[in-house]
1. Mean residue ellipticity at 222 nm from the helices of the chain, using -39,500 (n - 2.57) per DSSP H segment of n ≥ 4 over the full residue count, to the nearest 500 deg cm²/dmol?
2. Give the shape of the chain as rounded, prolate or oblate, defined through the alpha-carbon gyration tensor: a ≥ b ≥ c are the square roots of its eigenvalues, a/c under 1.5 means rounded, and otherwise the shape is prolate if a/b is larger than b/c and oblate if not.
3. Express in whole angstrom the spacing between the alpha-carbon centres of segment 227-269 and segment 165-203.
4. Hey, what do the phi angles of segment 30-38 turn into as Karplus ³J(HN,Hα) couplings, whole Hz, using 6.51/-1.76/1.60 and θ = phi - 60°, x for Gly and Pro?
5. Choose one of Ala264, Ala180, Trp287: the residue whose Cα lies farthest towards the positive end of the charge dipole of segment 156-299 (beta-carbon charges +1 Lys, Arg; -1 Asp, Glu; about the Cα centre).
6. When the chain is fully extended, how far beyond the present Cα-Cα distance does Gln192 get from Val168, taking 0.36 nm per residue of separation?
7. If I require 24 Å or longer along the helix axis, counting alpha carbons, and a Kyte-Doolittle average no lower than 1.6, what helices from the chain are left? Use full DSSP H segments.
8. Using R₀ = 45 Å, calculate the FRET efficiency as 1/(1 + (r/R₀)^6) where r is the Cβ-Cβ separation of Arg43 and Ser279; round to 0.05.
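A short reminder: the numbers here are calculations on the coordinates, not readings from a lab. These numbers come from a predicted model, not from an experiment. Note: ideal-geometry Cβ built from the backbone for every residue, glycine included; neighbour counts use all protein chains shown.
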Amino acid sequence: MKIGIIGAGLAGLTAARVLADAGHSVCLFDKARGPGGRMSTRRVETPQGMAFFDHGAQYFTVRDPGFADAVARWEAAGVAARWEAAGENAWVGAPGMNAIIKAEAADHDVRWNCRIERIERIGETWRLGHAEGEQDCDAVIVAVPAEQVAPLLGPHAPDWAALAEATVSQPCWTVMAAFAERVDFADDCLRQAGAIGWAARNSAKPGRSGPECWVVQGSPQWSATHLEEEADAVIAALLAELAHATGSALPETLVVQAHRWRYALSGAAGRTMLWDEGSRLGVSGDWLIGPRIESAWASGRALAAAMLR
Ligand code: FAD
């Protein structure tokens with residue numbers, strides 16, 4: 001089969017790997033400029049060299065033995081490493097969170113900068129429409145965040161579109177700050193301190209280089225309350241919270257940016273994947289199971305297994 005996959009995050013790429021290994025022809029489409037999805041890493045030039053920020057997912061844990069095998073493969077390839085500062089069972093991509101997505105994407109035909117605007121059923125064929133043309137395939141996987149599912153699936157699978165619409169994600173305001181000196185705090189991360197849901201010394205994660213960098217995330221509740229605020233106000237508020245939580249004045253900043261994730265942590269639809277054998281239409285993504293990297297992997301793998309059955 002020729003299989004088109006919309007979304008080259010971990011869910012789409014995991015399905016791609018299983019299907020390609022079984023001999024199917026796979027093509028992925030992603031609207032982003034490069035690999036990452038919600039496991040992305042931002043590079044920012046500073047007077048002290050390039051700063052790196054994992055501005056989406058911070059780390060992941062491993063429960064499923066099959067996921068442990070995938071993580072062992074990433075570790076052997078040098079794109080994942082343990083980060084015990086976040087917990088005994090905590091892992092990160094190395095040298096950035098996006099390294100895992102980059103490595104997985106390298107094995108497939110991925111069209112970046114290609115937003116799929118519509119999918120159409122033409123006889124037995126699926127037609128994916130994007131700004132530059134169309135692509136026909138025998139089966140389609142929709143592997144995008146819940147809030148982006150309905151416009152694609154609405155005309156073909158209204159029940160699934162409704163399920164996605166009912167599965168609501170939480171937002172996350174994220175501040176990225178590079179400092180001229182080390183922030184005077186003994187630990188490399190902190191959780192739930194006032195408005196902060198999580199903050200971490202990103203530059204202390206394994207394999208990172210460059211200046212002292214922190215990623216500070218507003219808690220889901222704080223982010224929702226301040227969602228429409230200007231970035232400058234969010235930066236001021238979350239850095240003040242960081243100073244308060246670390247108990248010291250922060251050093252001079254080299255660079256500060258903020259990113260508003262409207263759909264950061266997914267809800268949980270109570271399913272693993274969705275697959276309709278008759279029309280050869282499938283759905284995977286973290287939102288079917290819950291807001292974790294491992295869920296995205298598990299959903300992609302379960303969908304591919306169902307398709308092969
Ligand atoms: P995504 O990674 O979102 O991939 C979907 C892809 O689809 C994207 O690349 C997008 O560009 C693409 N796309 C969307 N619409 C279209 C379209 N129409 N056409 C083409 N492409 C499209 N998880 C953890 O386990 N631990 C954490 O600490 C953690 N923290 C997080 C913090 C933040 C701020 C965020 C944002 C997420 C966090 N997560 C965390 C969740 C984790 O990142 C996700 O569960 C996981 O990355 C989801 O993978 P996915 O493949 O389902 O979706």
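1. Only helices count here, giving -7500 deg cm²/dmol.
2. Cα axes put the chain in the prolate bin.
3. Answer, in whole Å: 7.
4. 9, 6, 6, 6, x, x, x, x, 7
5. Toward the positive end, the furthest listed residue is Trp287.
6. 6.5 nm
7. Membrane-span-like by this criterion, though nothing is claimed about a membrane: none.
8. 0.60
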